[in-house]
Amino acid sequence: MVLTISLFLCVSCVSDVDFDQTQDIVLSPTVDASLIFFTLDTSDFESVDTQEAVVTVRDTTRLEFLDDDFIRENLREVTLDFQVDNTFGQSLVNRAAFLNGDGEEQFVVIFEIISSTDGSVQRTEFTQVLSEEDIQAISNANQLANEVILTTNGASINGELTLQSKAIYALEFSDL
Amino acid sequence: MRTVILVYISFVVTQVCAQNKQLLYNVDDLPQTLLSNPGAAISFEKHIGIPLLSGFSVSAGSSGVSTYDIFQEGGDINARIRDAIFRLDNKDSFVVNQQLELASFGWKSKFTNNYYSAGLYQETDVIAYFPKDIAVLAYEGNANFIDVPFQFSDLSVAAEVISVYHFGVNKEISKKLRVGGRAKLYMSIINVNSTNNEGSFITRNTPNGPNFLQHQVQGADVTANTSGLESFIDGEGGAGKVVRRAIVSNNLGVGFDIGATYTIDDHWTATASVIDVGAIFHNKDLRNYRLSGSYETNGIELEFPDVLNGEDLTDYWQNLQDEFEENLPYDDSLQTSYTTWRPTKFNASINRGFGTNLNGDCDCTNSGVDRYATNVGAQLYAIKRPRGFQEAATLYVDRTWNRFIRTKMTYTYDAFSNRNIGLLLSTKINKFNVYLAADNILDYSNLAKAQSASIQFGFQLIFDPE
């Protein structure tokens with residue numbers, strides 16, 4: 001019987017497999033995540049001197065996950081999507097600046113917003129795919145400061161602007 | 001993390017009946033048959049197991065994917081993992097069971113003809129269902145699964161290390177009917193249980209705003225109960241504590257087995273048993289983890305406060321964190337008592353004996369019941385698991401060749417294998433018995449391709465009637 005047990009142990013084996021391939025295992029999830037959104041209307045510009053050439057409204061939020069080591073080490077691609085519906089007649093620009101903890105700009109996304117000549121809703125869609133260098137910059141950031149820059153044209157400032165945004169993060173985990 | 005993935009994808013299985021001891025069931029000259037049917041017809045008068053060696057079994061299995069399927073040489077391992085993740089479903093499971101008899105003995109009463117058996121064994125049982133949705137989310141992310149819910153209920157794990165004191169009685173009711181019962185006292189050494197999770201995570205497209213997407217956690221109730229784990233991880237008491245718990249644990253349970261053998265006629269017998277009807281009550285050395293609630297967010301809504309007119313800046317990020325923690329509270333310091341049910345097993349068989357009657361023409365020591373050298377039959381097995389029953393069917397040929405050697409060959413069919421051949425070899429020299437059983441022997445030449453495997457062996461003294 002001892003011989004039989006030994007025989008079992010001898011004939012049983014594991015072959016034709018390569019466990020070193022665990023080094024090659026890569027997880028590469030793609031994550032869609034909401035970013036900021038807001039609505040601006042006439043009231044947000046009521047205190048503004050319409051005689052000034054350029055008016056800027058600005059708000060800032062922390063986004064502390066961006067400089068998280070886990071994200072920083074595994075982020076491979078980032079795409080930022082923006083969509084703006086606008087009825088203001090003035091010329092508008094949206095400027096989203098990613099800041100580090102000291103408030104220094106690391107990366108900026110700027111795009112023009114289509115103005116409305118007749119009060120109808122004008123939709124602006126903007127996508128920015130970040131380069132490797134951009135990703136390096138954004139992963140040093142932990143705040144997002146968004147500015148809407150309005151250039152007056154002498155006409156009264158009336159209308160509404162809504163902005164939606166999301167980020168698509170392509171991650172790659174290879175050192176599991 | 002790599003180890004976790006390695007273990008998971010190496011052994012993820014479907015419908016594995018890892019506790020099925022089809023090779024020992026109905027083997028009437030092995031005491032271990034009483035552990036799968038306390039009402040078994042047995043042929044011996046007394047048994048004493050060699051301590052720690054009288055019975056050892058270990059089994060694990062895979063049907064959804066084998067180790068070879070993932071780790072075969074050449075090709076792209078990531079493509080194979082992806083294929084496996086999408087091919088498996090949430091009923092696939094990884095199962096391991098191990099039993100070690102610490103003490104085993106039994107004797108036939110001189111006064112009542114009952115056979116009493118008792119002992120102590122240690123058992124490890126692990127079942128982890130494949131968390132399909134969570135695996136897909138981790139592997140693929142949510143980008144390609146907008147408006148598709150990821151269910152938390154896919155997370156289902158139960159693991160326990162216990163010791164079991166047992167005492168059984170095997171009684172002949174009539175010449176045709178033998179019944180048995182076994183009382184069990186369970187000592188929980190370590191238990192981890194997370195089996196009734198609820199809720200989902202979903203990312204929705206929201207074309208009507210306010211943002212592109214809405215992320216929702218709906219009705220989350222994810223709980224993990226542990227007992228005995230906290231002090232084990234902390235290393236309090238070391239191995240000595242584990243041994244003490246195996247002998248006397250603060251987390252006790254009770255249960256029973258029942259079984260019967262019915263002699264239909266001179267050649268046909270039928271058996272049935274129910275094993276491990278019982279529960280363990282966890283009251284000490286507890287640690288529970290719970291995440292519950294519902295929450296949804298569209299992202300961060302900027303309000304553009306009029307700073308020049310004295311409005312404060314809003315800490316949106318802190319607000320988001322606060323809302324999240326308020327609506328989805330996570331508590332890792334609970335110490336709540338809980339109850340776990342043992343995985344109850346069901347066995348049934350029909351047997352036809354023929355050939356030489358081992359009891360001779362007139363057996364006066366065994367109520368005249370015939371024992372044949374050759375037996376063929378069929379067995380059914382089922383085990384109650386967190387997500388329902390897992391079943392197996394077995395055909396067998398059982399042959400006693402002479403006073404020294406007995407063999408049993410089985411063919412077992414279940415949802416994960418249609419080529420499971422098992423073999424038992426039991427030898428006996430005087431009163432000393434050794435048995436060895438293994439199934440899926442066709443795959444022993446390369447276990448990497450096997451989707452399940454088990455081995456059982458033991459050494460004991462068995463005393464036959466004079």
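The values are calculated or read from the model by the stated rules, or taken from the named source; none is laboratory data. Please read all numbers here as calculations on a predicted model, not as lab measurements. Because the Cβ atoms are built from the backbone with ideal geometry, glycine has one as well, and the counts that use them run over all protein chains shown. Accessible surface areas use protein heavy atoms only, side chains included; no ligands, DNA or RNA. Shrake-Rupley method; radii C 1.70, N 1.55, O 1.52, S 1.80 Å.
Overview of results
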item: Dipole magnitude of segment B:232-299 about its Cα centre (Cβ charges: Lys, Arg +1; Asp, Glu -1), debye to nearest 20; result: 540 debye
item: q = 0.28 Å⁻¹, segment A:63-120: log10 I(q)/I(0) [Debye, one scatterer per Cα]; result: -1.19
item: Where A:132, B:101 fall by accessible area, highest first, once all protein chains stay in place (1.4 Å); result: A:132, B:101
item: Over segment B:36-81: Rg over Rh, Cα atoms, Kirkwood Rh; result: 1.36
item: Tail weight of P(r) past 43 Å, computed on alpha-carbon pairs of chain B, percent; result: 27 percent
item: Candidate lysines for bridging to residue B:284, where Cα separation is under 19 Å - those fewer than 8 sequence places away on the same chain excluded; result: B:241
item: Karplus-derived HN-Hα couplings along segment B:290-299 (A = 6.51, B = -1.76, C = 1.60, θ = phi - 60°), whole Hz, x at Gly and Pro; result: 8, 10, 8, x, 9, 7, 9, 8, 9, x
item: Most to least accessible of A:125, B:140, B:303 (protein chains only, probe 1.4 Å); result: A:125, B:303, B:140
item: Cα-only Debye scattering, segment B:184-263: base-10 log of I(q)/I(0) at q = 0.14, 0.22, 0.27 Å⁻¹; result: -0.71, -1.02, -1.19
item: Eligible lysines near residue B:175 by straight Cα distance, threshold 20 Å, same-chain separation 8 or greater; result: B:108, B:110
item: Separation of alpha-carbon centers, segment B:68-115 and segment A:108-161, rounded to whole Å; result: 58 Å
item: Built amide H within the under 5 Å cut-off of residue A:113, gap 5+; result: A:92, A:93, A:94
item: Mean Cβ neighbour count within 10 Å, used as a protection proxy, ranking B:371-384, B:399-412 highest first; result: B:371-384, B:399-412
item: Which of A:73, A:147 is most accessible, then next, and so on - probe 1.4 Å; result: A:73, A:147
item: Inter-centroid distance (Cα atoms) of segment B:207-261 relative to segment B:398-458, Å; result: 34 Å
item: Solvent-accessible surface (1.4 angstrom probe) belonging to residue B:24, in square angstrom, nearest 10; result: 10 Å²
item: Convex hull volume of segment B:126-213 per residue (C-alpha atoms, cubic angstrom); result: 172 Å³
item: Rg(Cα)/(2.2 N^0.38 Å) for chain A, N = residue count; result: 1.66
item: Per-selection Kirkwood Rh - segment B:213-306 (Cα, Å, 1 d.p.); result: 19.3 Å
item: Aspartates and glutamates whose Cα lies under 20 Å from that of residue B:176, excluding same-chain neighbours fewer than 8 positions away; result: B:28, B:29, B:45, B:265, B:266, B:361, B:363, B:370
item: Links that overshoot a 25 Å alpha carbon limit, given the list B:132/B:384; B:91/B:184; B:408/B:431; B:184/B:408; B:132/B:184; result: B:91/B:184; B:184/B:408; B:132/B:184
item: Distant alpha-carbon pairs in segment B:32-111 (separation over 15 angstrom), percent; result: 72 percent
item: Amide H partners (placed H, <5 Å) of residue B:211, local residues excluded; result: none
item: Dimensionless Rg ratio for segment B:406-466, taking C-alpha atoms and the 2.2 N^0.38 Å reference; result: 1.37
item: Segment B:85-126: translational diffusion in µm²/s, Stokes-Einstein, Kirkwood Rh over Cα pairs, 10 °C, 1.306 mPa s; result: 114 µm²/s
item: Cα-based radius of gyration of segment B:20-173 once divided by 2.2 N^0.38 Å, which approximates compact folds; result: 1.51
item: Positive-end extreme of charge dipole, the protein assembly as shown - chosen from B:56, A:130, B:127 (charges on Cβ); result: B:56
item: Between helix A:2-11 and chain A: long-axis angle, C-alpha atoms, 0 to 90°, nearest 10; result: 40 degrees
item: Only Lys, Arg (+1) and Asp, Glu (-1) charged, at Cβ; chain B dipole about Cα centre in debye; result: 3260 debye
item: Ellipsoid equivalent to the protein assembly as shown - semi-axes via the Cα gyration tensor, in Å; result: 69, 24, 20
item: Summed buried accessible area for A+B [probe radius 1.4 Å, Å², rounded to 100]; result: 4900 Å²
